[in-house]
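Participant: Have a look at the structure that comes next, please.
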Amino acid sequence: MMNTPNKITCFRIILVPFLVFFLLKNDWKYSPLIALSIFILASVSDFLDGYIARKNDLITNLGIFLDPIADKILVISTMVWVLSVSGSSR
């Protein structure tokens, strides 16, 4: 059974498709605000899972493996969007 920090990390991975969806949804007025909210929620969950894992000594090999992957998926997907938007304005 997974512990709480690992569940939070998996939640962060699940948030990424929703983030990308709202980043790409150009025809809706509130999509940038929702995407920003999702990114902030994912970032806070990154801090929270690390804090809980260290505080309660719940560090696992799965968490050591998944946490950096979740971080990179989140940041790279956002960075690709930023680069595609900045490149299309030229």
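The values are calculated or read from the model by the stated rules, or taken from the named source; none is laboratory data. Treat the numbers as computed from the prediction; the structure is a model and nothing was measured. When we count neighbours, we look across all protein chains shown, and the Cβ atoms used for this are built from the backbone with ideal geometry, even at glycine. Only protein heavy atoms, including side chains, enter the accessible area calculation; ligands, DNA and RNA are left aside. Shrake-Rupley method; radii C 1.70, N 1.55, O 1.52, S 1.80 Å.
Participant: Only Cα pairs within less than 10 Å get springs; with that Gaussian network setup on the chain, which residue of A70, A53, A35 has the largest fluctuation?
Facilitator: A53
Participant: What is the helix-to-structure angle for 31-55, meaning the angle in degrees between its Cα long axis and the longest Cα principal axis of the chain, kept from 0 to 90 and rounded to the nearest 10?
Facilitator: Compared with the principal axis, the helix lies near 20 degrees.
Participant: For the stretch 13-57, how big is Rg over Rh, using alpha carbon atoms and the Kirkwood form of Rh?
Facilitator: Using Cα coordinates only, the ratio equals 1.17.
Participant: Expressed as a rounded percentage, what relative contact order does the chain have, with Cα pairs under 8 Å and six or more residues apart?
Facilitator: Across the chain, relative contact order equals 43 percent.
Participant: Here is a follow-up. So what is the accessible area of the chain per residue, in Å², with the probe set to 1.4 Å?
Facilitator: Ligands and nucleic acids excluded, the figure is 69 Å² per residue.
Participant: Kindly state, as a whole number, the per residue volume in cubic angstrom of the convex hull around the alpha carbon atoms of the chain.
Facilitator: Normalising the Cα hull of the chain by residue number yields 84 Å³.
Participant: In the chain, which chymotrypsin sites (Phe, Trp or Tyr not before Pro) fall in coil by DSSP and have 16 or fewer other Cβ atoms within 10 Å?
Facilitator: Within the chain, the qualifying chymotrypsin sites (Phe, Trp or Tyr not before Pro) (loop, at most 16 other Cβ atoms within 10 Å) are W28, Y30.
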